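Worksheet: one structure, shown below.
The values are calculated or read from the model by the stated rules, or taken from the named source; none is laboratory data. All figures in this text were calculated on a predicted structure; none of them were measured in a lab. All Cβ positions, even for glycine, are placed from backbone atoms using ideal geometry, and neighbour counts span all protein chains on display.
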Amino acid sequence: MATRLDGKTTSRTIRDEIKAEVQTIVHQGGKIPHLAAVLVGEDGASETYVNGKVRDCNEVGFKSTLRRFDATISEEDLLKEVQALNDDPDIDGLIVQLPLPDHISVEKVTEQIRPEKDVDGFHPVNVGRMAKNLPAYISATPFGILELLKRYNVETSGKHCVVIGRSDIVGSPVSILMARKGNPGNATVTLCHSRTADLAAEVRRADIIIAALGKPEFVTADMVKEGAVVIDVGITRIPDETKKSGFRLVGDVKFEEVEQKASFITPVPGGVGPMTRASLLYNTLLAAQRKIYS
Ligand code: GUN
């Protein structure tokens, strides 16, 4: 039976560490970290995520600004709004919640954010610096995964890590990070995707599985080697009338059966999700302290 990698408790610890750091900053008369979030339209999940980020900021003592825009805002106007936040010296970190409406280019908006304020780590400058092992903002989910592995002392060096899913936000960066020199890191990484010839066979060879494809309960026990470490990034809303919200959250891993074979496993919810949230706070703290770009 696997040990659970408890993201809820671990993120609590990290948030407490950040809170203490903010108190020190306040005592010393330093700059209080300030995160600005931009939300376009009224997507239910995005709304929940952004509200959570603002709540997290308040909880640790950060300042936060939420700028909301109608889904009909033009790309040009949104780029101007981002520029205004770039130019605001009080704002340390700036994120634009994704997805954006179809008429707005995610690439253009991402590149509009100053790399120094890009606490999501989505700007090509930060992605490039991350890949070169230079100081960079590392996007929140990959960073949260690495931090969870580190705090549970999970050995990654020399291990075979199989990442499922090649998204810009998770699969691609986490595959780079796991292969980088460092701890966690030094793994031999296989990045699987929709064109992988025999995905189940690849996953069966893994010492560490990072499932980030967004297909509920895709990874089943027969695909998991005895003693593997299983990180579940998926979080899909499945309609469930027995719940007050009308849905339940399901990961990319069939938890009940995989838990029997794995050595470590992240639950959903309460695994990677809370770590992602804590990582954004951590990046914002780094931004306020000018730790990445000095
Ligand atoms: N949409 C889904 N995940 C994220 C994230 O980490 N940051 C932003 N800005 N949008 C997202």
Contact list, first residue from the stretch 193-221 and within 12 Å of I231 (Cβ to Cβ), second anywhere and surrounded by 13 or more Cβ atoms within 10 Å (Cβ to Cβ) and at pLDDT below 95, beta-carbon distance below 7 Å, six or more apart or interchain, is none
Counting only residues that are surrounded by fewer than 18 Cβ atoms within 10 Å (Cβ to Cβ), within 22 Å of the chain's Cα centre (by Cα) and under 28 Å from E147 (Cβ atoms), the stretch 182-201 contains a total of 6
Output for Cβ contacts, cut-off 9 Å, separation at least six or different chains, first residue outside any helix (DSSP H, G or I) in the stretch 276-288, second within 12 Å of the ligand (Cβ to nearest atom), reads none
Of the residues in the stretch 37-64, those that are within 24 Å of H27 (Cβ to Cβ), touching a strand residue (DSSP E or B) at 6+ places or on another chain (Cβ under 7 Å), of a type outside the set (G, A, S) and buried (at least 16 other Cβ atoms within 10 Å of the Cβ) come to C57, F62, K63
(1) aliphatic (A, V, I, L, M); (2) away from the ligand (no atom under 16 Å from the Cβ); (3) part of a loop (DSSP other than H, G, I, E, B) all hold for I176 apart from (3)
Of the conditions (1) touching a strand residue (DSSP E or B) at 6+ places or on another chain (Cβ under 7 Å); (2) surrounded by 19 or more Cβ atoms within 10 Å (Cβ to Cβ); (3) among the basic types (K, R), the single one that R129 does not satisfy is (1)
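Every residue, every condition in (1) in contact with a strand residue (DSSP E or B) (Cβ under 9 Å, 6 or more places away or on another chain); (2) within 16 Å of E147 (Cα to Cα); (3) at pLDDT 95 or above, yes or no:
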residue	(1), (2), (3)
I208	yes, yes, yes
G214	yes, no, yes
T220	yes, no, yes
G270	yes, yes, yes
A278	no, yes, yes
Q289	no, no, yes
Among residues of the stretch 117-146 being within 15 Å of the ligand (Cβ to nearest atom) and charged (D, E, K, R), the residue farthest from V189 (Cα to Cα) is K117
In the set V119, V163, the lone residue that is at pLDDT 95 or above, in contact with a Gly (Cβ under 9 Å, 6 or more places away or on another chain), part of a loop (DSSP other than H, G, I, E, B) and among the aliphatic types (A, V, I, L, M) is V119
